[in-house]
Each structure stands twice: as C-alpha cells, then as structure tokens.
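Everything on this sheet refers to the single structure shown next.
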Amino acid sequence: MTEEEFRRLCDFLYRRTGMVFTEAKRYYVQRRVTDRMTATGATSFPSYFARLRGDLNGELEQFINVFTVNETYFYREDHQLRCLTTDLLMECVRAKPPGEVVRIWSVPCSTGEEPYSIAIWLLENWPQVDAYDIEIVGSDIDTRALEAAREGVFGKRALMRLTPDLVAKYFVPVGPEQWRVLEDLRQSVRFTPVNLVETGETRAHGRFDVIFCRNVLIYFDDASRRLAAENLYENLLPGGYICLGHSESMSRISPLFEVRRYVDAIVYQRPPGGARG
Amino acid sequence: MPLIRRTPDGVQPDRPDAGEALATLTHGTRQKRWAAARALSDAPDAAEALGRALSSEDDPHVREAILTSLLRLRSAASIQAILPHLRSDNASLRTGALDALRAMPDVAGPHLPELLRDADPDVRLLACDLARSLRVADATHLLYGLLEVEREANICAAALDVLAEIGGPEALPVLARCAERFHDHPFLAFSIKVVTERLSAQTPRHRG
Ligand SMILES: C[S@@+](CC[C@H](N)C(=O)[O-])C[C@H]1O[C@@H](n2cnc3c(N)ncnc32)[C@H](O)[C@@H]1O
C-alpha cells in the first residue's frame, strides 16, 4: 500500500464508520487489509479497493468487521449499573404512565456482555423490576460481534467480574470454560445492527429512557463524536440519560446535554420537557 | 420474566436527498430542519447554504447539527461558512462556531493570522482562544505580534493566558514591552508578571 492508498483507505473507513486510523496504526491497518485481500482473492490494492467501494459480495461489512475493537466483559464499570438502579430508573419511571415500557439501549454492545449485564443487574438489583416491562436492545456496527452476542456463549475472561453465584444462576456450562446465557435471558435482549454515525440507522431504533454508549467514542474524531452524540440525543426521550465510558466526556463533545452527577456515576441527560423535543 | 422483547415500532428514517435537504434546511419543523442539516454532512457544495442557515436558525439542536455537518465536510468552504459567525451577537452561536473551528485545526489554522488582526476586538479575543487549540507551529509568534500592538487589555490577558501554556523564554522581551505599555493597568501588569515568572523558570530547561 502506498502512502496515498493508505490515506484513501483510512478516509474511506472514517467516512463510513467514524473511526480514525492514523499513520501510527499503519501496521494494524495493513495487516487487516492484507487479510481481506487474501480472503477475496484480490491481487492488488486497487482491485481490492474497487471491490470494497462497490461493496461487492457485501465486502464493506466484512471490511468493517475486521477493523472494530470488540474488547468488553460482564459488569464492566458496574458503578454505572448501580447508578442505573439507584437513581436513573427511578427518575425515568416517575414520569411514565403505567404500562409504558422502559427502554434501555446498549450501543455499541459488541459481543453482548453489556446488554446481558444490564439485564442481570436489573433482575438482581432493581426491586421494581417486576412492576415494569423493560426492553433491552443491543446494537453494534460489527455483524460478526452481533452473531456472537445472539449465540450468548462466553469464556472465563468475559465472566471474570461475575460472582460464581451469578454465573450459576444465569448461565449453563457448555464446554471447557465456556458458559451460555440462559435461553430466557437470551430471548429477552434484541440485537440489531447500527452505525452510530448514520442518522437513518439510529433513528429507526426509536426512543430510549437510558442509553449506554461506552468505549466507542474514543475511536472517533471530534466530528464523528458530535455526529454520534447528536444522533443519540434524538434517540433519547426528553429527560432520558446517556452513560459514556470512564474516559469519555460529553462536555467536550456537545453542549446539548446536561451533566448529572450522582453518587455512583456522572451521566448526561437530555433536558426534560418537550420544548427542545 | 419482566424483560420483554419487542419488534421496533417502525420509526421511519427521515433522510432527505441533498436537493430536498437544501430546500427544507431553513423551512419546516425543527425535526425537518435537523434532518436536512444532517443529510448535508456529505454534500460538499452545501457548505455555503449551511453557513447561511446558521444565521437564521434559533434552535440550538439544529444549530449544532449544522455545525457538525460543516465540520464533517472539513473544507475551505466550511471554514468560510463558519467564520462570519464569530461575529454573531448570539453568544452560544459564537461559542459553537469557535468549537467547530477548534475541531478542524488543519483547515482553520491558516486563518489565525487574519483573525488575530481583525478589526473587531471580540473576534481577536476568540482568536486567542483558538490559538491555544490549533497548536499552529507559529501560534506563539502570532501571539507575540499581537502583544506588541494590541490596545485592549482583556485581549492581551487572553493572549497571555495561552502563552503561559505554549510560550517560551523568547517571549520575555515582548512581555516586558507589553508591561511598559500597560503600566497603569494593575491587573494586566500582574498577569504579565506571573507569566514572565513562569516562562523565565523554563529558561534553563530550554537552554539545556
Ligand atoms: C470496545 S467495544 C465497546 C463495547 C461495550 N460498550 C463496552 O464498553 O464494553 C467497541 C465497539 O464499537 C463498535 N463500533 C465501532 N464503530 C461503530 C459505529 N460507527 N457504530 C456502531 N458501533 C461501532 C465496534 O464494533 C465495537 O464492538
């Protein structure tokens, strides 16, 4: 890959996904492109790039899949989950007519650990869990990760922060050091593809009470972060909350949200009231 | 189990094409204007229209979407579309414009010299702030130049603030001259003293 080809490829990836790869990541990029070229039988970079741009045989999806970083695990930053049950949900349901569904979105959800964690946490820690219908949706741009999420089979590393009791209660062993999420629980989370920087795709998911958008904005530049944040604003009900990863801050991305400091976490809120809705 | 799974309500994605978006950008509901602004984020020719729409848009959410699209276009035209809003009477629009320029240091950087010389003191003030984030190689020298001639004490103070972070010992003579010009201005004199001390303390490191 020449300098110019590398730049064009990164620009292409950036325009499609928001993810930024600089010269420092050249090796990372190069290796993945080489893999895709081998898999597709492309003999030169220009011929591969043409195939990619033309999205021949769904190459765009495969291409994006190899560039994502899917690192995640159960009960990651669980102080936010605590905040969800001690503060956020109480505020959300206060304004809700009875019978209305509480909607929670884990985006990106990677291989599913986050939305399943939310489900388990709610069942374990929210006394009102039986009083409301709760819908949990997990979404990601990486279709391979979504497939794994639906499968719901996890190794030891993903489960390291769960107590043995929780593992015994919500999983069944399916192989050496492998556990599968209980069927009921798997059925209760819906997994969908979404590209956070594509408004059409985010909007189609409707509005949520709480959105977890953790550890993805770090891969974006300012412009993509703003696109994603503004899209997600549209996906929040007025008064709804968004939780970011610990190294991410909305204050530096968008002035549209209000910062809310709770005992367990700092979260961002779409201002309540319909005026700006 | 209280956890439920539903199929989506079928919210219709609202993505007008570029032509339609240009037409609805300044008309229609807030929702339509927002969708139009967003749809133009990959229409290079739309920068000028987006810039014009900023002037009349009073919904902060739509305004942000317009600025984000300009940012996403990241072109000379988007800079031209944003620059005039540094003079806006609306403080939140001014800040929004500044934030957008800050996020495109590569294309906004070349405009720093003219902004620091602008006839409007408010623009010069914002430009000082911009210098901090642009990290333009010669930002320090541009700020030295400003300190030599600037008459407004608050603008000098803003420049000093930035120089305290990015300046070097070569600023010392400039600071001394500025202190002389503003000798009857206790607050500024104090700021200059603080920055002078900080930059002098750097001297050995720079020499070594
Ligand atoms: C590190 S994981 C985060 C998973 C989980 N939220 C967590 O904090 O553990 C990052 C995920 O972001 C996804 N991603 C990257 N760009 C995206 C985009 N434009 N839209 C949606 N998901 C994206 C990747 O596929 C990857 O699965």
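Out of all the residues in segment A:29-77, which are open to solvent by less than 30 Å² (accessible area, probe 1.4 Å) and within 14 Å of the ligand (Cβ to nearest atom)?
A:PHE63, A:ILE64, A:ASN65, A:PHE67, A:THR68, A:THR72, A:PHE74, A:TYR75, A:GLU77
Of all residues in segment A:78-92, count the ones that are of a type in the set (A, V, I, L, M, F, W, C), crowded, with 17+ Cβ neighbours inside 10 Å and away from the ligand (no atom under 16 Å from the Cβ). So that I can check it myself, show each step before the final result.
Taking segment A:78-92 first, the residues of a type in the set (A, V, I, L, M, F, W, C) are A:81, A:83-84, A:88-90, A:92.
Right, trim to crowded, with 17+ Cβ neighbours inside 10 Å and you get A:81, A:83-84, A:88-89, A:92.
Now drop any that are not away from the ligand (no atom under 16 Å from the Cβ), which leaves A:88-89, A:92.
Within segment A:78-92, residues that are of a type in the set (A, V, I, L, M, F, W, C), crowded, with 17+ Cβ neighbours inside 10 Å and away from the ligand (no atom under 16 Å from the Cβ) number 3.
Within the group B:LEU73, B:LEU101, which residue is open to solvent by less than 10 Å² (accessible area, probe 1.4 Å) and either more than 30 Å from A:ARG190 (Cα to Cα) or at pLDDT 95 or above (or both)? Outline the logic, then answer.
Details: B:LEU73 fails: open to solvent by less than 10 Å² (accessible area, probe 1.4 Å).
Just a single option satisfies the conditions, and that option is B:LEU101.
Test B:ILE155 against the stated conditions and say whether it is within 19 Å of B:PRO113 (Cα to Cα) and at pLDDT below 95. So that I can check it myself, show each step before the final result.
On the way: within 19 Å of B:PRO113 (Cα to Cα): yes; at pLDDT below 95: no.
No; evaluated as a whole, the condition is false for this residue.
State which residue pairs qualify: first residue more than 10 Å from chain B (Cβ to nearest Cβ) and within 14 Å of the ligand (Cβ to nearest atom) and inside segment A:110-129, second residue open to solvent by 20 Å² or more (accessible area, probe 1.4 Å) and small (Gly, Ala, Ser) in any location, beta carbons under 9 Å apart, and separation of 6 or more residues or different chains.
A:SER110/A:ALA148; A:THR111/A:ALA148; A:GLY112/A:ALA148
Just checking, which of B:ARG94, B:ARG132 is of a type outside the set (Ser, Thr, Tyr) and in the same structural domain as B:LEU70 (by TED's automatic domain parsing)? Lay out the reasoning, then the answer.
Numbers: B:ARG132 fails: in the same structural domain as B:LEU70 (by TED's automatic domain parsing).
Residue meeting the stated conditions: B:ARG94.
Only residues in segment B:34-49 that are under 15 Å from B:ILE79 (Cβ atoms) and more than 9 Å from chain A (Cβ to nearest Cβ) count as the first member; pair them with residues that are open to solvent by less than 10 Å² (accessible area, probe 1.4 Å) and of a type outside the set (A, V, I, L, M), Cβ under 6 angstrom, at least 6 apart or cross-chain, and list the lot.
Taking only residues 6 or more apart or on different chains, the pairs are B:ALA47/B:SER78.
The values are calculated or read from the model by the stated rules, or taken from the named source; none is laboratory data. Quantities reported herein were computed from a predicted structural model and do not represent experimental measurements. In this analysis, Cβ positions are derived from the backbone assuming ideal geometry, glycine residues included, and neighbour counts consider all displayed protein chains. Heavy atoms of the whole protein, side chains included, go into the accessibility calculation; ligands, DNA and RNA do not. Shrake-Rupley method; radii C 1.70, N 1.55, O 1.52, S 1.80 Å.
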